Amino acid sequence: MTSELTDPLQETDPQVRAALDDERARQESTLGMIASENHVSEAVLEAQGSVLTNKYAEGYPGSRYYGGCEYADEVERLAIERATELWGAEHVNVQPHSGTQANMAVYFAALDPGDRILSLNLTHGGHLSHGHHVNFSGQLYEVEQYDVDPDSGYIDYEGLRRMTEEFEPDVIVSGFSAYPREVDFERVQAAADDVGAFHLADIAHITGLVAAGVHASPVGVADFVTGSTHKTVRAGRGGIIMTEEEHADAVDTAVFPGGQGGPLMHNVAGKAVGFKEALQPAFVDYAEQVVSNAKTLAGVLRERGFSLVSGGTDTHLVLVDLRDSHPALTGADAEAALDEVGVVVNKNTVPGETRSPFVTSGVRIGTPGITTRGFGESETERLAELVADVLDAPDDEATIDRVGEEVDALCADYPVYGGA
Ligand SMILES: *Cc1c(COP(=O)(O)O)cnc(C)c1O
């Protein structure tokens, strides 16, 4: 038994070892363009794979329910300190296991069961945790949804304001999963102020863009801000909550003991390390490049005749609406064809969607991952042409073979971690 504690994974469990090696090889040999994914540093991986996974630390630094928390305290204090600096928040909670758990804690802090949530329609770019009926948020609360303007693809802020007056929500949720444009948090706040509702800004997708100052920040505007730590900020899987001092106790209590037990301290360590990386000046360059690559991608796709929801992007993603240019091609077909050449994206509903969420009429394509690999405009332009080639001829074997080889070459030239 003692030796089993120190034996390498290769010996104790070659099946899991092989799957992990295969996953690493998959990430190296394909271009991850799922807008919500990224690649963390080896340093973040090391922190996440650390002995902190052994430690119970229910409570908060300096006030835990278990002994032996001095190093857990140190790690969590560092994560909090760095997050406070990155986003300029008065109070930060770094314990949410995920973005959904962060939203749950805010609802627990701000609402009673049966209270009203106003949020963006899921098929227009919202998130399950914003009140979808299959999610706890749709089961515990009464939910109404606002839309994007069907013509412009931008949030219909006037409609949002009208619905706010009619529905009198207790909380308005802004922040989205598949919205390519900058969010006007001030306008959402103004609507919330009209009826005395709370405003939850869920910046899960743009946490890193906000940290770097390339997207407007809701911190200091909205009552509650939630984020993810694994999308545009490369700090490993998890969630985060930022709020003003007046809501600090309510939020902390809602996270623990309200919605979670012991924090995943190894992930809190990953957050601390990733936040330190994001505080370096190079991170601003990274975030600017992410947006600039997304604009390049949008430009090429537009030139090649594709319709983009809202016509383009201000952020890290583009949402292609295939209905005009490729009416017979579904989002699922497009995802599968791109998968064949090693470009990994996801099918996505588009505003006014008529197909099922398993089929869809759109694809969402993001640039955080390729930018981490070192892609600049010229590589992104090349890749965008390849994406268009595949979507124009998804069944043409010669195209698939040629593009597959070009993607292989790009992967080799721009490794994630390198090595085997
Ligand atoms: C990704 C995302 C989340 C977080 O999701 P988890 O998978 O629970 O971490 C929350 N809100 C939005 C808008 C998102 O896009």
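Once the dipole of region 213-303 is set up with Lys and Arg at +1 and Asp and Glu at -1 on Cβ about the Cα centre, which of 229, 294, 219 lies farthest towards its positive end? Positive-end residue among those listed: 294.
Taking each residue as 0.36 nm, the span from residue 42 to residue 385 lengthens on full extension beyond its C-alpha to C-alpha distance by 120.3 nm. Ordered by the count of other Cβ atoms within 10 Å of each Cβ, fewest first, 210, 233, 359 give 359, 210, 233.
Based on the alpha-carbon gyration tensor of region 157-233, what equivalent-ellipsoid semi-axes (square roots of 5 times the eigenvalues) come out, in whole Å, largest first?
Rounded to whole Å, the semi-axes are 23, 12, 10.
Can you tell me how region 201-265 classifies by the Cα gyration tensor, rounded, prolate or oblate, using a/c under 1.5 as the rounded cut? It comes out oblate by the Cα gyration axes.
Magnitude of the charge dipole for region 92-226, about its Cα centre and with charges confined to Cβ atoms of Lys, Arg (+1) and Asp, Glu (-1), is about 540 debye. Mean separation of Cα pairs under 8 Å and 6 or more residues apart, divided by the residue count, gives region 88-178 a relative contact order of 31 percent. In a simple Cβ point-charge model (Lys, Arg +1; Asp, Glu -1; nothing else charged), region 229-326 has a dipole of about 580 debye relative to its Cα centre. Note on region 1-105: dipole from Cβ charges, positive end direction compared against 50, 79, 16; the farthest Cα belongs to 79. In this structure the amide hydrogen of residue 321, modeled in the peptide plane, comes within under 5 Å of the amide hydrogens of 307, 308, 309, none closer than 5 places in sequence on its chain. Extension gain for residue 184 to residue 244 (0.36 nm times residue separation, less C-alpha to C-alpha distance): 19.6 nm.
Scalar couplings 3J(HN,Hα) for region 176-192, obtained by applying the Karplus form with A = 6.51, B = -1.76, C = 1.60 to θ = phi - 60°, are 9, 9, 9, 10, x, 10, 5, 8, 8, 5, 5, 5, 5, 4, 4, 5, 4 Hz; x denotes Gly and Pro.
Each residue of region 58-73 was assigned a 3J(HN,Hα) from its phi angle through the Karplus curve 6.51 cos²θ - 1.76 cosθ + 1.60 (θ = phi - 60°); the sequence is 4, x, 10, x, x, 8, 10, 8, 10, x, x, 9, 4, 7, 4, 4 Hz, with glycine and proline shown as x.
Where the centre of each part is set by its Cα atoms, how far does region 394-410 sit from region 181-235, in angstrom? Region 394-410 and region 181-235 have Cα centres separated by 39 Å.
Working from Cα pairs under 8 Å separated by at least six residues, relative contact order for region 303-420 is 24 percent. Assuming charge only on the beta carbon of Lys and Arg (+1) and of Asp and Glu (-1), the dipole of the chain about its Cα centre is about 380 debye to the nearest 20.
Expressed in Å, the radius of gyration and Dmax of the Cα atoms of region 263-420 are 16.9, 51. 3J(HN,Hα) along region 29-35, derived from phi through the Karplus expression 6.51 cos²θ - 1.76 cosθ + 1.60 where θ = phi - 60°, amounts to 9, 10, 9, x, 10, 6, 5 Hz, with x in place of Gly and Pro. The overall shape of the chain, judged from the alpha-carbon gyration tensor, is oblate: a/c is not under 1.5, and a/b is no greater than b/c. Using alpha-carbon pairs under 8 Å, 6+ residues apart, how would you state the relative contact order of the chain in percent? Relative contact order here is 22 percent. Of 197, 354, 417, which is farthest along the charge dipole of the chain in the positive direction, counting Lys and Arg as +1 and Asp and Glu as -1 at C-beta? Farthest towards the positive pole: 417. Neighbour counts of C-beta atoms inside 10 Å place 231, 271, 295 in the sequence 295, 231, 271, starting with the fewest. Taking a ≥ b ≥ c as the square roots of the eigenvalues of the Cα gyration tensor, an a/c ratio of 1.5 or more together with a/b no larger than b/c marks region 1-96 as oblate. Comparing mean-square fluctuations of 18, 211, 393 from a GNM of the chain with C-alpha springs under 10 Å, the top value falls on 18.
Only the coordinates and a few stated rules stand behind these numbers; no lab work does. Fair warning: this is a prediction, and the values are worked out from it, not measured in the lab. Positions of Cβ are backbone-derived with ideal geometry, glycine not excepted, and every protein chain shown enters the neighbour counts.
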